[in-house]
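Novice: Starting off with a structure, shown below.
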Amino acid sequence: MKKALIFLLIGIVANIIFFNGLLTDTSNFWNYSFFAIVGAISFIVCIVIYLKANNEKQKQLMKEREQTKLIEYRRKCNSCNNIYFYTQRDLDENKHLQTGALLSSAAALTDTLFGNRMVGAVNSIDSDNKSSRIVDYNKCPKCNSIDTKILSDREWEVEKKTLNTPKVNASAVSSADELLKFKSLLESGVITQEEFDEKKKQLLGL
């Protein structure tokens, strides 16, 4: 943008010299026409630089918007501990549907009031269709509870560690304890090998 400003100033100065020369000495038009040409070229270069810089700025803004749409939100339900995800793109889609549903509803009401019931019915159906596609991300998709919260990055790291931690099977632990107990009874001679084998099959589900 600084380059554009420099060429703009050059163009202004060149045109001032040109018009000032014409006012003071009209006979030397061709001598001062050089400044007019310089001024015109400077203005054109200024416009080209400005348009190019503005185009690059627009591309950067579009890129930032696309990156913003990919932002992921993580929400946890305090009722069933379900964790679900959605992005900024999903929220933007919700806003788009809400606006469309509102406009279709207003159009349906206007058409009905002015006697165009057929078009009003079509707009009403369109409004209902868009409303049905709106997702309430504050509500848990698993249990429909509204007792949910957005997880911070730190909370999400804690949740991931919890999810990745292997859970101990309580029934497996109980079966192992029972086997050790019957093994001890076998070694003590309280039960026979056949009785131990039968209990073993029962506990292991064989």
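The values are calculated or read from the model by the stated rules, or taken from the named source; none is laboratory data. Computed from a predicted model, the values in this text were never measured in an experiment. Backbone-built Cβ (ideal geometry, glycine too); neighbour counts: all protein chains shown.
Novice: Within region 155-162, identify whether any single residue is modelled with pLDDT of 75 or more, aromatic (F, W, Y) and surrounded by 11 or more Cβ atoms within 10 Å (Cβ to Cβ), and answer yes or no.
Specialist: Here is the first cut: in region 155-162, the residues modelled with pLDDT of 75 or more are 155-162.
Checking the rest, the ones that are also aromatic (F, W, Y) come to 156.
Those left that are additionally surrounded by 11 or more Cβ atoms within 10 Å (Cβ to Cβ): 156.
The answer is yes, given that some residue of region 155-162 is modelled with pLDDT of 75 or more, aromatic (F, W, Y) and surrounded by 11 or more Cβ atoms within 10 Å (Cβ to Cβ).
Yes/no matrix, rows are residues, columns are (1) touching a helix residue (DSSP H, G or I) at 6+ places or on another chain (Cβ under 8 Å); (2) among the basic types (K, R); (3) at pLDDT below 75; (4) assigned to a loop (DSSP other than H, G, I, E, B):
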position: I12; (1), (2), (3), (4): yes, no, no, no
position: N31; (1), (2), (3), (4): yes, no, yes, no
position: E64; (1), (2), (3), (4): no, no, yes, no
position: T68; (1), (2), (3), (4): yes, no, yes, no
position: Y84; (1), (2), (3), (4): no, no, no, no
position: L91; (1), (2), (3), (4): no, no, no, no
position: G100; (1), (2), (3), (4): yes, no, no, no
position: A107; (1), (2), (3), (4): yes, no, no, no
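Novice: Same structure, new question: Would you please list the contacts, defined by Cβ atoms under 7 Å and residues six or more apart or on different chains, that run from a residue in region 96-117 that is surrounded by 13 or more Cβ atoms within 10 Å (Cβ to Cβ) to a residue that is outside any helix (DSSP H, G or I)?
Specialist: Pairs that qualify, where the first residue is surrounded by 13 or more Cβ atoms within 10 Å (Cβ to Cβ) and the partner is outside any helix (DSSP H, G or I), are L97/R133; L97/I134; Q98/I134.
Novice: Just give me the residues in region 107-146 being polar (S, T, N, Q) and closer than 30 Å to F85 by Cα, in sequence order.
Specialist: The first filter runs over region 107-146 and keeps only residues polar (S, T, N, Q), leaving 110, 112, 116, 123-124, 127, 129, 131-132, 138, 144-145.
Of everything in region 107-146, those that are polar (S, T, N, Q) and closer than 30 Å to F85 by Cα turn out to be S127, N129, S131, S132, N138, N144, S145.
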